[in-house]
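Reading through the structure tokens given below for one structure.
The values are calculated or read from the model by the stated rules, or taken from the named source; none is laboratory data. In this text the structure is predicted, and so the values were computed from the model without any measurement. Cβ sites come from the backbone with ideal geometry, for glycine too, and all protein chains shown count toward neighbours. The accessibility values were calculated without ligands, DNA or RNA, using every heavy atom of the protein model including side chains. Shrake-Rupley method; radii C 1.70, N 1.55, O 1.52, S 1.80 Å.
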Amino acid sequence: MSSLNPLRVCASLVIVVAAAGCSGGSTTTTTGPDVEASTEVSAAHSSYEPSEETIEPSVLATTESTDSDWDDSFDEPGDTVENSGVLDPDQTEGRDLTLADFFSKEGQGIDETLYGVASLEEQKGIGAVLAWEDATMELRLANRYTSLAFSAGQANSSKSSDNVLRVEIYKNGKSADFVDIPFNEVYPFNVDVSNVNALKIVLKCRTQNDRECDYDESVTGVLYSMRLGS
């Protein structure tokens, strides 16, 4: 076996060391950009998270605004309860009742306008054209009144003068009294309404023989100067 040449061994070591040095430099060069890229991604992610936190309060504010709007609209039905049709002495004292004061109205041609009744001209009143059915008007008094005064008669414009106007009073669903009024006459009513909640005034057309009228729309009944006392 031949012995190694010292010069050749040294040259080989120099080449190996040089190669290792080049390889190490390449690794350092490629590792640097990777670290910087990772750092940039982390920074971007870090700056994005606070933007999510600033969006959340706006979503909560929208939700709170919606709830507030719903609460305001929920209070509206309270106004309907106040306008229930029940009369109050503080609102009716010292004035004549109008058609708007009645809780309900059933019949044809019920109107509030000026009528001629017997010798009266342009009398403001509540009129009803009586055909095959009666006219019914109801007041809700809530037991707050003691008397109801009004006058009734047939309008001078009624198609027939041969029939009578029947005015019947119902207290709390029961008939209390009725009066028949011929054409060209006026009858004053003074009704005791103590402890009365529902008061109905029913207008009917009757013949002089106390039969149902057979002439369509022959009588126009009129109520006027209607006032409650408490």
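For this structure, a couple of remarks:
- Amide H contacts for residue 147 (H built 1.01 Å from N in the peptide plane; partners 5 or more residues away or on another chain; cut-off under 5 Å): 193, 229.
- Between residue 189 and 150, 151, 152, the built amide H atoms are under 5 Å apart, and every one of these is 5 or more places off in sequence or on another chain.
- Contact order normalised by residue count of the stretch 119-192, Cα under 8 Å, 6+ apart, percent: 34
- Close amide H pairs (under 5 Å, H built 1.01 Å from N) link residue 116 with 122, 123, 156, 157, residues at least 5 positions away or on another chain.
- Over all pairs of different C-alpha atoms, the stretch 134-185 has a mean inverse distance whose reciprocal, the Kirkwood radius, equals 13.1 Å.
- With all protein chains kept in place, the per residue accessible area of the stretch 122-230 amounts to 49 square angstrom at a probe of 1.4 angstrom.
- Each residue of the stretch 117-133 is assigned a 3J(HN,Hα), and the resulting list reads 10, 6, 8, 7, 10, 6, 8, 6, x, 9, x, 9, 7, 9, 10, 7, 10 Hz, derived from the Karplus form 6.51 cos²θ - 1.76 cosθ + 1.60 (θ = phi - 60°), x at Gly and Pro.
- Straight Cα distances below 30 angstrom link residue 171 to the lysines 105, 124, 200, 204, with same-chain residues fewer than 8 positions distant left out.
- Lys/Arg +1, Asp/Glu -1 at C-beta; the stretch 103-230 dipole; positive extreme among 123, 147, 179: 147
- Per-residue Karplus couplings for the stretch 103-115, computed as 6.51 cos²θ - 1.76 cosθ + 1.60 with θ equal to phi - 60°, are listed in order as 5, 8, 9, 10, x, 9, x, 6, 8, 10, 7, 9, 10 Hz, Gly and Pro entered as x.
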